[in-house]
Amino acid sequence: MIAFLDKSKRYLWTFVELAFAAVLALMLIYLLLGQSSGAYVTSVADNVTKFAGAVPTPSLIGLAILLALIWLIMARMKEN
């Protein structure tokens, strides 16, 4: 059972990383080609900019602190 959970966790993280890379690639295409990059690329770029603009700065700072704490805890747990 544990092996199945570990394997599924790896697959899910791989999927998340690939999806994030795809969004970054679409944003790069949009930055290179601008409005002539196509309807799909333009709609993805619009959604990303709307999402980034809607998140308030204190929330981003809090998220960064939370992620830093998680990273520190995980690093200390690996030492032991």
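The values are calculated or read from the model by the stated rules, or taken from the named source; none is laboratory data. Everything numeric in this text was worked out from a predicted model, so none of it was measured. Areas reflect the complete protein model, heavy atoms only, side chains present, ligands, DNA and RNA absent. Shrake-Rupley method; radii C 1.70, N 1.55, O 1.52, S 1.80 Å.
For region 1-71, the alpha carbon positions stretch 49, 31, 15 Å along the principal axes, listed from largest to smallest.
Comparing Cα centroids, region 59-76 and region 1-24 end up 21 angstrom apart. If the segment from Ala22 to Ile61 were pulled out straight at 0.36 nm per residue, it would be longer than the present Cα-Cα gap by 11.5 nm.
Take the solvent-accessible surface of the protein heavy atoms, probe 1.4 Å, and return the percent of it on the chain that carbon and sulfur atoms account for. Could you put the intermediate results ahead of the total?
On the way: 5290 of 7080 Å².
Summing carbon and sulfur atoms, their accessible area is 75 percent of the total for the chain.
Protein heavy-atom accessible surface, 1.4 Å probe, per residue over the chain: 88 Å².
Shown in residue order for region 12-17 are the 3J(HN,Hα) couplings computed by the Karplus curve 6.51 cos²θ - 1.76 cosθ + 1.60 at θ = phi - 60°: 5, 5, 5, 4, 4, 5 Hz (x for Gly and Pro).
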